[in-house]
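Every read-out reported here was derived from the displayed coordinates using simple, explicitly stated rules and does not represent laboratory data. What you are looking at is a predicted structure, and each value in this text was computed from that prediction instead of being measured. Positions of Cβ are backbone-derived with ideal geometry, glycine not excepted, and every protein chain shown enters the neighbour counts.
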Amino acid sequence: MAPDCRQNCGCYQIDCASPYPTGPNDKDGAHPVTLNLTYFLSHPIQYQSPLLRRLALEDDLSFRVVYEHDFSTRTYFDQGFQSEVRWDIPLREGYRSDLLADVSVNEVLRECDAVWFHGWQSKLFRRILKDASRRRKLTLMRGENWFGAMPDGYGVMRLARRTYHKSIFRYCSAFLTIGKKNREYYLDHGVSQARLFDMPYAVDNQTFLQRASNTMIAEVRQSLDVTPEQKMILYAGKLQRRKNPHHLLEALKTISHNAATPAVLVFAGDGEMRRELEVEAAASPWIKFVGFKNQTEMPTYYAAADVFVLPAEREPWGLAINEAMASGTAVVASDQCGAAYDLITPETGRMTEAGNMDALAGAISEILPRSKEMGTAAQAHVKLWDFEADVRGILSALEVLV
């Protein structure tokens, strides 16, 4: 990629008068490199906004985000939760952002050195990806695909999907891999190791580590009628059939039957299955539904729990696993959650076969007596799976490719 700078010092300023023609990759030059990176994203996402604020702090990166939509900055109806949602954290503060409708794509691409996309579902973003590649811009792709969540299928369907993906991947300079299974997916699709850079799927660990005080934890447990000697099992997220929250009801029957003191199962979330679950759980005093809980509320619920459970099928990642572990809570997740392969170890939790309710009950029962010890290990394990690793990953990709 040739810089615009006439002195070839790598600063990308046309009127630069630097006497140091060091070139864009020379870190010893007196004139520092500033790369212009534009991130094209569907809409402001509560998980990503803290990372974007962190990237905006990088001195050698001129960073901006272009959103296709901004509905999530207001109250909106969330299809997954089947309820109105308004996030209680700032989504567009601390970094430069624009709406696609308010900018000229041609001007954005002319000004930037590199573009970054999250997934390729948007037809418009696919066109921008191709345009950026043809202009010889660096093109970075970060997606959530892996075969457990998004299989290629068989026969003609497999051929069609792989042909489609190849038609997109050819325009990508590099891929930012979120975990082991995501990396394997790209390799299986013919992407070379040299084009893969680790950018782990992370959350704002410090927020979940610091936000819940002992007093707040005690208040939540008391509000749920969880006694000091009882164990609390937490499911947090959308109550969708694909995520199998109903499997926890069956698992709880086995767990409670074998325990001297019944465990309390808490559902924090909303969705299509809520009414069905409430009817099925009506006779049990140990099953609680607290509805949707916002970002500033969730750290206390995670920290109040002894184990967090995500028995989902076809789950691309499962960032709730990160959140629970950062809060010091052990985890049980199915083998169809992408995060399980990177974050769950014998010391931090258990991974079970999706749909196997006996295995699910057994894993929870095994963890509950050791929940404090395993929660501490979980928090230590996820500590390095953080935004700093993300920043290193994307900067490494840019440094190698420039």
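Summary of computed values
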item	result
Test set (1) in contact with a strand residue (DSSP E or B) (Cβ under 7 Å, 6 or more places away or on another chain); (2) of a type in the set (D, E, K, R); (3) over 30 Å from Q240 (Cβ atoms) - E84 fails condition number	(3)
Residue match in the stretch 243-252 (condition: in a loop (DSSP other than H, G, I, E, B), of a type in the set (G, A, S) and in contact (Cβ under 8 Å) with a residue 12 or more places away in the chain)	no
The lone exception for E278 - which of (1) more than 24 Å from G179 (Cα to Cα); (2) surrounded by 19 or more Cβ atoms within 10 Å (Cβ to Cβ) it fails	(2)
Count of residues meeting criterion [in contact (Cβ under 8 Å) with a residue 24 or more places away in the chain, surrounded by 18 or more Cβ atoms within 10 Å (Cβ to Cβ) and closer than 30 Å to Q295 by Cα] in the stretch 178-197	5
Subset tally (residues that are more than 25 Å from K243 (Cβ to Cβ) and in contact with a Gly (Cβ under 6 Å, 6 or more places away or on another chain)) for the stretch 66-81	0
Strands (runs of 3 or more DSSP E) contained in the stretch 68-159 and holding at least 2 residues under 19 Å from the mean Cα position of the chain (by Cα) and surrounded by 15 or more Cβ atoms within 10 Å (Cβ to Cβ)	114-118, 138-142
Close pairs from the stretch 374-402: first buried (at least 19 other Cβ atoms within 10 Å of the Cβ), partner basic (K, R), Cβ under 7 Å, at least 6 apart	F387/R54
Filter result (polar (S, T, N, Q), within 18 Å of W317 (Cα to Cα) and out of contact with any strand residue (DSSP E or B) (no Cβ under 7 Å at 6 or more places or on another chain)) within the stretch 175-195	N182
